[in-house]
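The values are calculated or read from the model by the stated rules, or taken from the named source; none is laboratory data. As the structure is a computational prediction, the values presented were derived from the model and not from experiment. With ideal geometry, Cβ positions are generated from the backbone for all residues, glycine too; neighbour counts draw on all protein chains shown. All accessible areas refer to the heavy atoms of the entire protein, side chains included, with ligands and DNA or RNA removed. Shrake-Rupley method; radii C 1.70, N 1.55, O 1.52, S 1.80 Å.
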Amino acid sequence: MNIVVFASHGGSNLQAVIDAVKEGRVEACVKAVISNNSGAFALERARREGIPAYHISLKTEGSEEAVSQKLLDVLAEKETDLVLLLGYMRMLPVEVLRRYHHRVFNIHPALLPRHGGKGMYGIRVHEAVIAAGDAVSGVTIHRVDEDYDRGEIVAQAEVPVERGDTPETLAARVLEREHTFLVETLCRIAAHDIALGD
Ligand code: GRF
């Protein structure tokens, strides 16, 4: 299973995938890491592991069409089976979503459909969970299609909200679970328990 990861920032989830692949816990290969942000630590993590790292953005390509074409070229060259959005802060071009229909997955740090949608990312998600008084938060892995935020949920794991939690303490607990749950879900995809493609 050839994986291409898109990430905009730190890439701790990317690292969890890389480690699981290296240790033989997931039968897959991380073929490339792509970021819209040249300063993303995720790109550095890729380079350290000898994984091709690409900065692809409007700045590097000059137009939305060129970005879309470049992404398609890289994905084709890597014979990509699975695209993972792990903290990627841009919408994927519709051409990419169509070409890789049912093969693009995103990880979200809450139990969708609660606390998702436009502007709900990073610490804001955990602030919203606490403000709502939820007793449980969690991790959602869902397909990304043209209806961006409403793609099919394929897996969810619960994480308790504890008394006295701040958005930061909750974020840390959820992120830790993301790392293990992402790997568990990749194993299910590799085992065809969750289908790839049409
Ligand atoms: C994660 O919380 C993920 O759910 C969200 O972005 C964050 C990425 O964290 N989509 P990292 O870059 O993998 O550390």
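Things worth noting here:
- Restricting L92, L86, L82 to residues that are within 23 Å of G197 (Cβ to Cβ), away from the ligand (no atom under 16 Å from the Cβ) and open to solvent by less than 50 Å² (accessible area, probe 1.4 Å) narrows the list to L82.
- Qualifying residue in the stretch 18-33 (condition: closer than 25 Å to S137 by Cβ and within 13 Å of the ligand (Cβ to nearest atom)): yes
- Output for the stretch 134-163, where each listed residue is open to solvent by 60 Å² or more (accessible area, probe 1.4 Å) and not hydrophobic (A, V, I, L, M, F, W, C): E146, D147, D149, R150, E152, Q156, E158, P160, E162, R163
- Condition check for A128: more than 24 Å from T166 (Cα to Cα), at pLDDT 95 or above and away from the ligand (no atom under 13 Å from the Cβ): no
- Subset of the stretch 95-119 [within 16 Å of the ligand (Cβ to nearest atom), open to solvent by less than 70 Å² (accessible area, probe 1.4 Å) and in contact (Cβ under 8 Å) with a residue 12 or more places away in the chain]: V104, F105, N106, I107, H108, P109, A110, L111, L112, H115, G116, G117
- R163 vs. criteria within 16 Å of the ligand (Cβ to nearest atom), in a loop (DSSP other than H, G, I, E, B) and charged (D, E, K, R): no
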